[in-house]
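Working notes for the structure below.
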Amino acid sequence: MNTSSARPSASVAATRTLAVGCLLGLIGLGLAWELWLAPLRPGGSWLALKVLPLVVPLAGLLKWRLYTYRWLSLMIWLYFTEGVVRAWSDTLPLSRALAGIEIALCLLLFVACAWHVRLRLRAGRQMRAADPSTS
């Protein structure tokens, strides 16, 4: 992590890997869905630009920024909502299946971010308890 020389625990690294993987999966899914697999208009649509806000937190996740994990866990509910709406309302079976994948990726990303924050905060409390000179 960027503020100390201590290596992150395996569980913290695993939640980071899961979060980054889910985020990259959502970006890839959004692009493929709107450009090739089941676009709203033949030949692709401008709705593919919906993945641009997902690119912003990628750098923060890769740099271990705790704040990024926190706000991403809130922002991801917008994409979850889109997945639920499209799973319910789209007429193409492929589009409904892609919406289901989007829902699953959003839920996994939320769990990964929430668990990552929890583990990091717990590790910080343990470090402060072990070193009374920092209080």
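At a glance:
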| quantity | calculated |
| --- | --- |
| Unit charges at the beta carbon, dipole of the chain: most positive-side option, Ala14, Ser133, Cys106 | Ser133 |
| Residue-averaged 222 nm ellipticity for the chain, from DSSP H runs of 4+ at -39500 (n - 2.57), nearest 500 | -25000 deg cm²/dmol |
| Relative contact order of the chain, pairs being alpha-carbon contacts under 8 Å that are 6 or more residues apart, as % | 31 |
| Accessible area in the full protein assembly, largest first, 1.4 Å probe, for Asp90, Asp131 | Asp131, Asp90 |
| Accessible area per residue, Å², the stretch 1-80 with all protein chains present, probe 1.4 Å | 57 |
| Dimensionless Rg ratio for the stretch 43-113, taking C-alpha atoms and the 2.2 N^0.38 Å reference | 1.20 |
| Cα-based Rg of the chain normalised by 2.2 N^0.38 Å, two decimals | 1.26 |
| Accessible surface ranking that places the most exposed of Trp64, Trp77, Trp33, Trp88 first, with a 1.4 angstrom probe | Trp88, Trp77, Trp64, Trp33 |
| Heavy atoms of Phe80: accessible area, 1.4 Å probe, square angstrom to 10 | 50 |
| Highest-MSF residue in the chain out of Gly83, Gly124, Gly44 [GNM, Cα springs under 10 Å] | Gly124 |
| With all protein chains modelled, accessible area of Leu74 [1.4 Å, Å²] | 130 |
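The values are calculated or read from the model by the stated rules, or taken from the named source; none is laboratory data. These figures come from a predicted structure and were not determined experimentally. Because the Cβ atoms are built from the backbone with ideal geometry, glycine has one as well, and the counts that use them run over all protein chains shown. These area figures cover heavy atoms from the full protein model, side chains too; ligands, DNA and RNA do not enter into them. Shrake-Rupley method; radii C 1.70, N 1.55, O 1.52, S 1.80 Å.
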